[in-house]
1. Just give me the residues in the range 337-346 being open to solvent by 40 Å² or more (accessible area, probe 1.4 Å) and either touching a residue at least 40 places away in the same chain (Cβ under 8 Å) or not acidic (Asp, Glu) (or both), in sequence order.
2. Would you be able to say whether some residue in the range 161-179 is open to solvent by 20 Å² or more (accessible area, probe 1.4 Å) and assigned to a strand (DSSP E or B)?
3. Let me confirm something: among 192, 220, 239, which residue is open to solvent by 20 Å² or more (accessible area, probe 1.4 Å) and in contact (Cβ under 8 Å) with a residue 40 or more places away in the chain?
4. Collect the residues in the range 363-385 that are within 26 Å of residue 124 (Cα to Cα), modelled with pLDDT of 95 or more and part of a strand (DSSP E or B), keeping them in residue-number order.
5. If I ask for residues that are out of contact with any Asp or Glu (no Cβ under 7 Å at 6 or more places or on another chain), over 14 Å from residue 24 (Cα atoms) and outside any helix (DSSP H, G or I), which ones from the range 36-57 would you list?
6. Suppose we filter 118, 111, 96, 91 for residues that are over 19 Å from residue 169 (Cβ atoms) and of a type in the set (Ser, Thr, Tyr); which single one remains?
7. Among the residues of the range 315-328, write down those that are modelled with pLDDT of 95 or more and within 23 Å of residue 274 (Cβ to Cβ).
8. Of all residues in the range 306-334, how many are more than 20 Å from residue 367 (Cα to Cα) and either under 22 Å from the mean Cα position of the chain (by Cα) or of a type in the set (Gly, Ala, Ser) (or both)?
Amino acid sequence: MTLLFLYGSVNLSAENSREIFFDDFENGLEKWDLNNPAKLPIIDSGNDEHGKALSLVPGGHNVHALIKNSDGWTNIKIEGDVLFPDDEHNYLGFIYNYNVRGTRVDYGCIYIKGNGSYVRVNPHRDGHVSRVLHEEYRTPLTGDAAIVPGEWQHFKMEVMGTVCHFYVGDMETPKLTFDFHEFSSGRVGFEPRVSGSECWIDNISVSSISGFHYEGPVLPEGIDHKPHQLITDWDAIGPFRRRVDSIEKDVFSSNQTYTEVRTNSRWIPFEADGRGCVVSGKIIEWMSGRNYAYFHSEIIAAKSQKSKLQFSTTNDLQVWINGRPVGEIGRTQFAWYDFWENPQHAGGEMEVTLKKGANHLVILDRGLGFKGYSGDGFYARIALEE
């Protein structure tokens with residue numbers, strides 16, 4: 001019989017862990033896969049306690065160190081130490097649930113910002129950052145958790161399935177708990193910022209765990225997602241290199257096939273994430289130039305009526321109702337989960353006329369791709385009369 005004892009918000013069963021990996025970088029980099037070795041050197045830290053460390057040097061779009069044979073890892077705790085030698089733009093990105101599907105690379109990422117001293121959620125989809133879809137998770141690091149240039153700081157991540165708890169300094173209470181990554185396992189590693197200065201890591205350990213150490217409310221405090229007030233049930237089609245005229249002119253049909261550049265596409269079911277965000281970056285490709293995707297949802301109206309469609313979006317959107325164009329919504333810097341009730345996070349809206357019964361909403365989402373450095377997604381809701 002297994003006994004589970006809880007004390008406050010701490011799950012003591014999480015302490016029953018088994019170490020499966022450790023590296024203090026004193027004996028080379030045989031345990032790591034490096035995609036740009038010149039940017040990932042072992043250095044002398046100048047500190048007797050730490051000795052050698054791994055430096056992660058910015059080098060453009062893609063620099064990372066992944067632990068070898070970590071494919072399929074889940075239910076793990078990763079701990080280590082980090083130092084930012086300079087007070088310049090820099091970060092340490094923790095990579096988890098790293099997956100390669102065809103030409104796409106998708107992974108969870110939470111980073112510690114050295115200058116600025118905060119943590120932030122930043123999943124990568126097709127290699128494209130998406131931090132602006134998750135601004136509610138940005139959390140300052142203060143007190144014992146603060147980042148001080150030239151001083152080592154301890155960090156810890158616990159990953160179980162799609163959920164990550166992220167700790168800095170205080171190993172009892174995480175700085176944030178992130179529940180909305182789409183992959184439940186994958187490779188583990190680290191990355192630096194695209195540009196700026198380096199960071200150093202040391203004493204990296206990975207252990208298997210049977211539960212989270214922390215079992216309290218969602219962190220940071222104050223987040224109140226309300227997906228039930230948003231449009232969350234969608235169909236999607238794409239990605240495309242350009243707009244598809246026939247999709248825009250058709251009234252939605254789930255059985256219709258569309259062809260672009262000898263590629264046949266059909267509508268597929270697509271759910272918003274647990275916050276209610278339509279993460280279009282799950283479909284839109286960044287590197288290939290296939291930056292267009294369409295989304296459809298059915299709206300049931302009890303009577304013919306005028307209604308408001310409301311959005312918060314990081315991409316420009318074009319909107320059709322029942323095959324007729326009704327307008328455009330411009331992008332904003334962030335996509336906010338509370339846009340319709342928080343004036344500081346206001347998005348865009350348009351008035352539409354709905355017929356009694358089923359109405360087909362179609363949205364064209366063009367990703368920023370190489371023209372921007374952001375994230376692809378939106379929130380949508382409709383204000384229906386009672």
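1. If we filter the range 337-346 for residues that are open to solvent by 40 Å² or more (accessible area, probe 1.4 Å), which is where we start, we get 340-341, 343-344, 346.
Result: 340, 343, 344, 346.
2. Among the residues of the range 161-179, at least one is open to solvent by 20 Å² or more (accessible area, probe 1.4 Å) and assigned to a strand (DSSP E or B), which makes the answer yes.
3. Details: 192 fails: open to solvent by 20 Å² or more (accessible area, probe 1.4 Å); 239 fails: open to solvent by 20 Å² or more (accessible area, probe 1.4 Å).
Criteria check complete, one pass: 220.
4. Matches in the range 363-385: 363, 364, 365, 378, 379, 380, 381.
5. Across the range 36-57, the qualifying residues are 36, 40, 46.
6. 96
7. 317 - this is the single residue of the range 315-328 that is modelled with pLDDT of 95 or more and within 23 Å of residue 274 (Cβ to Cβ).
8. Adding up the residues that qualify gives 2.
The values are calculated or read from the model by the stated rules, or taken from the named source; none is laboratory data. What you see is a predicted model; the values in this text were computed from it and never measured. FYI the Cβ positions are ideal-geometry reconstructions off the backbone, even for glycines, and counts take in every protein chain you see. For accessibility, only protein heavy atoms count, side chains too; no ligands or nucleic acids. Shrake-Rupley method; radii C 1.70, N 1.55, O 1.52, S 1.80 Å.
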